[in-house]
1. Highest mean first, how do 49-60, 139-150, 165-176, 69-80 rank when packing is the count of other Cβ atoms within 10 Å averaged over residues?
2. Report ³J(HN,Hα) in whole Hz for each residue of the stretch 185-191, in order, from the Karplus equation J = 6.51 cos²θ - 1.76 cosθ + 1.60 where θ = phi - 60°; Gly and Pro get x.
3. Output the relative contact order of the stretch 22-192, whole-number percent, from Cα pairs under 8 angstrom with separation of 6+ residues.
4. Across all directions of projection, what mean area in square nanometres is found for the Cα convex hull of the stretch 77-211?
5. Short version: ³J(HN,Hα) in whole Hz for each residue of the stretch 84-101, in order, from phi by Karplus 6.51 cos²θ - 1.76 cosθ + 1.60 (θ = phi - 60°), x for Gly and Pro, what are they?
Amino acid sequence: MSVPRDAGGAHRHNIPTPDNIVRTNGVKQWLKRVAPDRQTIHENRCLGVFGSLLHDPNLWHFNRRSAAGAFAVGLFVMYLPPIGQMLVAAAIAIAARVNLPISVALVWVTNPFTIPPMFYFAYVVGSWILGIPVRGFDVDFWMESHNWLNILAPLMLGSLVCGTVCSVTGYFAVQGIWRWSLVRQIKRRRARYQAMTSSPTLNRPSSKRQM
C-alpha cells in the first residue's frame, strides 16, 4: 500500500506536528545524554532506601514540566548543607513527581572545589540581609570551629535565599529554553515542508496522470 500524499504530493508524515517536534526536541535529547540513566540510579546504595518508589514512571519523564521541576529541586538543594543532599533531592523529586536523574545530578555541582565560593557567597548575602559585617575569606578564621556559631545565621539565611533564587531562575529558564527550542524546530520543519511542496519535481504530475 502506498503512503498517502497530500495535494502537493509530499508525504503526510513530513508535516510538522507537535508530537513529532517534542520527540526530537534538542533540549530533551541533551538532557537525556547528560543525566544519569535509570540503571545508575537504581544501583546507587543511597537511593536504594526509596525502594519501590523509584519505579514511579513520572520520575523518568523528560518533558518540559518534569525537567523544569527537576531543575528547581536540584538547584535549591545544592545550597543546603552538603550532607545527604542527594537523598534530600531524591525525596523532593519523588514527592513532586519530577525527573529524578536531573534532580540528583544537579546537586553534584556542590563538590570540594565549588563549596568554598558557593557558601562564602551565601554567607555574604546573609550578612548583607542581617546587616552584619562580612568577614574576609580568611582560611584560618573559617577553619576554627568556635567561629562557626557566629557565621551560622547569615550562612543559613544566605543559603536559603541563594537556593530559592537559583531554583526559581532555573525553573523559568528551562521553561523558556524548552519553548524556544520547540518553536525553532517547528519553524525549521515548516520551512522544509514548504520547500518540499513548492519543489517543481514534487508538483509535476506523474506520467500516469498525464496519460
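1. Highest mean packing first, the order is 69-80, 165-176, 49-60, 139-150.
2. 5, 5, 5, 5, 5, 5, 5
3. In percent, rounded to a whole number, it is 29.
4. The orientation-averaged projected area of the Cα hull of the stretch 77-211 comes to 14.1 nm².
5. Residue by residue, the stretch 84-101 yields x, 4, 5, 5, 5, 4, 5, 4, 5, 4, 5, 5, 8, 6, 10, 4, 6, x Hz.
Throughout, read-outs are computed from the coordinates displayed, never taken from laboratory work. Every value quoted in this text rests on a predicted model; they were computed, and no experiment measured them. Using ideal geometry, Cβ is built from the backbone for each residue, glycine included, and neighbour counts are taken over all protein chains shown.
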